[in-house]
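Remarks on the structure that follows.
Each value in this text was obtained by applying a stated rule to the coordinates, not by laboratory testing. Remember, it's a predicted structure, so these values are computed and weren't measured experimentally. Backbone-built Cβ (ideal geometry, glycine too); neighbour counts: all protein chains shown.
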Amino acid sequence: MKQFIAFANKEFYHIIRDNRTLLVILGMPVVQILLFGFAINMEVEDIRVAVYDPTPDAFTTGIAERIRQNPYFTYLGNVHSMNEMEESMRKGELELAVVFQQNFQENAVHPGDAAVQLLSNSSDPNRGSIAVTYATAIITGYQQEQLGIGRIPFQIRTENRMIYNPLMKSSYMFVPGIMGLVLMIICTIMTSVSIVREKERGTMEVLLASPLKQGPMVFAKTIPYMFISIINLIIILLLSYFVLEVPVNGSLLLLLLISVIYILLTLSYGLTVSTLVDKQINAVIVSAITAMLPVLMLSGMIFPVDSMPRVLQALSTVVPARWFIAAVRKVMIEGQGFIMVWKEVLVMTGMTFFLLGITIMNTKKRLE
Amino acid sequence: MNKVMEVSGLTKKFGNFTAVDHISFDVTEGEIFGFLGANGAGKTTAMQMLCGISMPTAGKGTVAGYDIIKQNELIKRNIGYMSQKFSLYEDLKVWENIRLFGGIYGLREKIIAEKTDALLKRLDFEQERNTLVKYLPLGWKQKLAFSVAIFHEPKIVFLDEPTGGVDPAMRRQFWEMIYEAADQGITVFVTTHYMDEAEYCNRVSIMVDGRIDALDSPAALRHQFKAGSMDEVFRQLAREAERGD
Amino acid sequence: MIEVNKLCKSYGKQGKINALNGISFTVDEGEIFGVIGPVGAGKSSLFRIMASLLLPDSGTAIMNGHDAAKDYRKVRQIIGYMPERFSLYQDLSVEENLTFFATLFNTSIEENYHLIKDIYQQIEPFKKRRAGALSGGMKQKLALSCALIHKPEILILDEPTTGVDPVSRKEFWDMLGRLKEQGIIILVSTAYMDEASRCDRIALMREGEFIATDTPRGIIENYREILWSVEGTRMSALLTALRGYPEVKTSFAFGDKHHITVDESFQPDALRHFLADKGFHDVRVELAEPTVEDCFMAM
């Protein structure tokens, strides 16, 4: 135990004395939160839409038909109650609901004023707002058409409501992504580099020639990075709460649990990388290509997984951050409970054990 | 005799620490000049200033006829450099290394090709032309590295511990190459930790705590310090050192 | 004691590079055993096998009764190993490095201070300085202190003096002499031939083989050549002239003299005349005592 503490201690010294790296580690989440906080618009496709129409008539079926035919929408069908609609939206199956007022056509003809509600799931606010824009355009188009064929003038009011992200902040979407990225960089890249550095500088040779066992040594090396990751996690959550005003809607405890599992997962991945390479530069390259790039491209951080080609969607299932980001979105933004994220938690736990297994198999007790 | 190197009062400070403390000396054309000193005495810093890659804090001097402060780019073009730590690219072939360094010093392709043939023949390396340098034995590597360092016929070549760890027979062959180069008029400026090699130099300087505390021919130094060998001379001087070691 | 029996090790595809070619030797308690040879002779491979860091292709290394391949855990407890490069943490201070290595071996600086006192006292004034800022000689002393702090039974030092100046080298060997008196077996490799005389026994190593194993004196007594030294001026030209003399078998520079090995019929006066004819006057030709370096070159 004393050895273990001495080792973790030594690792802390390495980190603390390397001012530049320390600055990067602690500054990175701040810079990224501020950079990504105000996001860019992106093309959205395959918006999953459903219609709630208590009293179907010519107008409502006409509008529904146009939405069904629109290439940007995937029509899931009609729902039969508001409850059903909400349920489906919470599960993430539904992204946009078109809710018609009762006796829509009658209202349109008689007082000349009919109302339709567009409810969007805006935990991913880009998609949400774009979905609403498309739907509004379709409804307006239908109205113009009807006026064109000489019917009496009437008006359709569209009311938009955001569910889960009523203020529609794009930062909501990025906070989980940044958490996924920052933790990945610190745990995977830093850990693998720090182990490989000992190989490169020759100190590994002395450690190997000592009675210290490989398992505890490698584990002791991860302690400081775990510690820093948790500090970063706290920084990100505080920044997002106070600067970006993103609340934690679900259980904070559950969010932390998910994060710790993810930290363990990315640390395991760092260890795996360190058993495969001998040079620091290779450790950086391998971690960057196999860890950072997938977080940016495939995790849903920037490009929604749903709008990816099927091949990439399949590929994204092996990216740890994809599961983490999905789980964090559900808990932090949608306020869901454990029932809704058990799958993500299970996948991440499984990945952790898998990577640890590989690491243990690959760890050498000699130089070659 | 022509002086290829003249420095006076050369000094380098890093903050409060004076790495090189007012050193003055000159080196004659075709001379083999041994530059000795304990670890940490300031040899490396002094060499860096002489090669034009580090700016002196004070003092002046010329190397190969160029001013070390104002014309350091010209110095770099007119000197050769070889160190034990780095001299050749291990993952390039023998001829590729020669072409690379010939190219760096601006030799024409045709001249490089001619000189490469002549060089490989002289070293008896012709069958190794296409061998990757990393597969050469250490002694061969060092011979090749030295040949590459003087390939562009510099006025002066700097050798930083060129023979560390080499087989004793190879070490002597290496020194014979140094003599040959000196006979052709190339001045050799060499550092070493082998005190027997100090004896092979025409003149030797010994640095202690950033200063040059002794400078003469090995025989004269032995006489001056009443010592039987250069090893003893060195020890007597280094013992006076106040720095770390 | 150390018993090494027919160690073989090769690297590369299909074992192309033979690092060790059937090495056998023993080292007794309280002995300094030197492995002397140039870079690439296989010294590091040999030491790494003995330090349980590499597995041999065949053969065994028994370290005080423990097989370096099978009982590697036990071996790692009883050896102190200092690899070729001084493997210290450059960003930790002198004291932190030493404390770390002490803890690694479940001991403390205080417990074994007597063992390193001699060496550590010289660097103790700088104990707050980071190891990266030490000079070569001081790094070497710190590395030795770290390798000694757990009171090893066997000390394995791979080229501890490479790149270190002659004064620090001499001090280092003095320290090894004192450690030997504590009963520690010391195994040391070097490329400096002049360090051979500081060992109790030496092995001359070349291309993965021990070409001779004996006391330094024994090695020199086995020298079969007739060795003369030649001293004069214009040493470079003198060497060329010597090579032109028929009875000279080999000739090479040796410090301020040249050493020549000659046929039995050699007459020094004849050589003096030969050289005088070529313009070398006041040349001294004397019978020379061979050194280990002469022996190495003759093999």
Next item on the list: Counting only DSSP beta bridges with both residues in the protein assembly as shown, tell me the antiparallel percent, nearest 5.
Entry: 55
Notebook entry, point to check: GNM, chain A, Cα, under 10 Å: largest mean-square fluctuation among A:235, A:149, A:281?
Noted result: A:149
Notebook entry, point to check: How far apart, in nm, are two points set 7 Å out from the Cα along the Cα-to-Cβ line at residue A:69 and at residue C:114?
Noted result: 10.0
Next item on the list: Would you compute the Debye intensity of the protein assembly as shown from its alpha-carbon atoms alone, equal scatterers and no solvent, and pass along log10 I(q)/I(0) at q = 0.04, 0.07, 0.09 Å⁻¹ to two decimals?
Entry: -0.30, -0.73, -1.02
Checklist line | Residue among C:238, C:204, C:148 with the largest mean-square fluctuation in a Gaussian network model of chain C, springs linking Cα atoms under 10 Å | finding: C:238
Check: Among B:12/B:155; B:3/B:93; A:199/C:74; C:6/C:70, which pairs are too far apart, with a Cα-Cα distance over 27 Å?
Finding: B:3/B:93
Next item on the list: Evaluate segment A:229-368: find the radius of gyration of its Cα atoms, find its Kirkwood radius, and give the ratio Rg to Rh.
Entry: 1.01
Check: What number, in percent, do you get for the relative contact order of chain C if the mean sequence gap of Cα pairs under 8 Å and at least 6 apart is divided by its residue count?
Finding: 20
Item checked: Karplus (6.51, -1.76, 1.60) ³J(HN,Hα), θ = phi - 60°, over segment C:83-89, in Hz, Gly and Pro reported as x -> x, 3, 8, 5, 8, 10, 8
Check: Whole-Hz Karplus ³J(HN,Hα) for segment B:98-113, in order, using 6.51 cos²θ - 1.76 cosθ + 1.60 and θ = phi - 60°, x for Gly and Pro?
Finding: 4, 4, 4, 5, x, x, 4, 8, x, 6, 6, 3, 5, 5, 4, 4
Notebook entry, point to check: Against the longest principal axis of chain A, how steep is helix A:2-17, in degrees 0 to 90 to the nearest 10, with axes from Cα atoms?
Noted result: 70
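Would you mind working out the magnitude of the charge dipole of the protein assembly as shown relative to its Cα centre, with +1 at each Lys and Arg C-beta and -1 at each Asp and Glu C-beta, to the nearest 20 Debye?
My answer is approximately 1260 debye.
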Checklist line | Furthest towards positive pole of dipole, A:70, A:101, A:80, structure part segment A:61-107, Cβ charges | finding: A:70
Notebook entry, point to check: Rounded, prolate or oblate: which one fits segment C:56-212, using the alpha carbon gyration tensor with axes a ≥ b ≥ c (rounded when a/c is under 1.5, else prolate when a/b beats b/c, else oblate)?
Noted result: oblate
Check: Based on the mean of other beta carbon atoms within 10 Å per residue, what is the order of B:157-168, C:272-283, most packed first?
Finding: B:157-168, C:272-283
Next item on the list: Determine ³J(HN,Hα), in whole Hz, for all residues of segment A:56-67 in sequence, where each value follows from phi through the Karplus function 6.51 cos²θ - 1.76 cosθ + 1.60 and θ = phi - 60°; x replaces Gly and Pro.
Entry: x, 8, 4, 4, 5, 5, x, 5, 4, 4, 5, 5
Item checked: 10 Å Cβ neighbours from other chains, averaged over peptide B:165-176 -> 6
Next item on the list: With a/c under 1.5 counting as rounded, go ahead and sort chain B into rounded, prolate or oblate using the C-alpha gyration tensor (a ≥ b ≥ c being the square roots of the eigenvalues; past the cut-off, prolate if a/b is larger than b/c, else oblate).
Entry: prolate
Next item on the list: Take segment B:21-147, compute every pairwise Cα distance, and split them into 10 Å bins from 0; I just need the percent in each bin.
Entry: 11, 34, 31, 20, 4
Checklist line | Point-charge dipole on Cβ atoms (K/R +1, D/E -1) for chain C, about Cα centre, debye to 20 | finding: 1080
Margin query: 7 Å from Cα along Cα→Cβ at both residue A:253 and residue B:77: what's the point-to-point distance in nm?
Written below: 7.5
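Per-residue Cβ counts within 10 Å, from other chains only, averaged over A:206-217: what number is that?
6
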Check: What fraction of the DSSP beta bridges in chain A is antiparallel, stated in percent and rounded to the nearest 5?
Finding: 20
Next item on the list: Identify, among C:163, B:186, C:149, the residue whose Cα sits farthest towards the positive end of the charge dipole of the protein assembly as shown, taking +1 on the Cβ of Lys and Arg and -1 on the Cβ of Asp and Glu, with the dipole about the Cα centre.
Entry: C:149
Notebook entry, point to check: Rule-of-thumb check for segment C:15-126: C-alpha Rg over 2.2 N^0.38 Å?
Noted result: 1.26
Item checked: Selection from C:287, C:262, C:275 lying farthest towards where the dipole of segment C:226-298 points positive, charges on Cβ -> C:275
Check: Got the relative contact order for segment A:47-128 handy, in percent, Cα pairs under 8 Å and 6 or more residues apart?
Finding: 37
Checklist line | Partners for residue C:257 among lysines (Cα-Cα distance below 17 Å; same-chain residues under 8 apart left out) | finding: C:249
Margin query: Taking the Cα centre as origin and putting +1 on Lys and Arg beta-carbons and -1 on Asp and Glu beta-carbons, what dipole magnitude results for chain B, to the nearest 20 debye?
Written below: 520
Note to self: Give me the three principal axis extents of segment B:152-229 from the C-alpha atoms, as integers in angstrom, largest value leading.
What the structure shows: 38, 28, 23
Next item on the list: Output the relative contact order of chain A, whole-number percent, from Cα pairs under 8 angstrom with separation of 6+ residues.
Entry: 18
Next item on the list: Report the antiparallel proportion of the DSSP beta bridges in segment C:2-221 as a percent, rounded to a multiple of 5.
Entry: 55
Margin query: With angles folded into 0 to 90 degrees, how steeply does helix B:168-183 sit against the dominant principal axis of chain B? Use alpha carbons for both and round to 10.
Written below: 90
Notebook entry, point to check: Using the beta-carbon distance between residue C:77 and residue A:4 and R0 = 25 Å, what value does 1/(1 + (r/R0)^6) give for FRET efficiency, to the nearest 0.05?
Noted result: 0.90
Check: Which residue, B:233, B:148, B:63, tops the fluctuation ranking in a GNM of chain B built on C-alpha contacts under 10 Å?
Finding: B:233
Check: Averaged over B:198-210, how many beta carbons belonging to a partner chain fall within 10 Å of each residue's beta carbon?
Finding: 1
Check: In terms of Cα to Cα distance under 29 Å, which lysines are near enough to residue A:330, apart from those fewer than 8 places away along the same chain?
Finding: A:91, A:169, A:343
